[in-house]
Structures are given as C-alpha cells and as structure tokens.
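Worksheet for the structure shown next.
No lab work stands behind these numbers, since they all come straight from the coordinates. Nothing here was measured: the structure is a model prediction, and the numbers come from that model.
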Amino acid sequence: MDEIRQEVLNHSTLDRWAFLETQWDSFFPNVDAVLIRDGLDEEDIIKLKTTAAQFWMFRFECINSIILISKNQLVIFSSREKLDLFSHLVETAKLKGKQC
C-alpha cells in the first residue's frame, strides 16, 4: 500500500482534475457530474473504461469503489484503507478552494 500511496502523492491528480474543469464543457456538455464505478461482474468493455479512467486520474485502480467527479467536487466511496491514500488530496484541494 505504501507504493500506491507514493504514486498518488507524486502524481498530479489535482492538475488532471483542473484540466477536466477547463475542458468540462467540451468533454461533457450538459453534464453535471461523471460517475465511475468499479465492482464485480461487469462487462469487459465497461471494466476497461473504468480502469482507464481511474488510471488516468489517480495512477492506480480503485477496486470496488465509486468515484463522482464534477467541476467543483470529487467524491470517492471506498474502503477506509483506500480513502486514507487520498488524505493529501483533501488537504491540497481545500487550499485550492475545491471540495474532496
């Protein structure tokens, strides 16, 4: 878990989120939020898209998690252990006026 924590700390998740914010209307016109879910018994193509989105945003796969991304808010529903990996994001996002 420490290797994943270091990857999250060294990766610019907030920069990718900021990029989405600037391009939101181009990528997601008329959409308030995007939900990325990962669980069991998914079709392969959906699983590939979910994994790709998670790797792009966080650089690791959040198995059995639900991630809600909007322009102003990032919400992650997962196990306590996985949520602890994102504690630095919450602190940094607060400093930048965003909600995690």
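Take the residue pairs LYS71/LYS94; LYS71/LYS96; LYS71/LYS98; LYS49/LYS98 and return only those whose Cα atoms are more than 21 Å apart.
Correct reply: LYS49/LYS98.
Output ³J(HN,Hα) for segment 80-94: one whole-Hz value per residue in order, computed from phi by the Karplus curve 6.51 cos²θ - 1.76 cosθ + 1.60 with θ = phi - 60°, and x for Gly and Pro.
4, 4, 5, 5, 4, 5, 9, 4, 5, 5, 4, 4, 5, 4, 4
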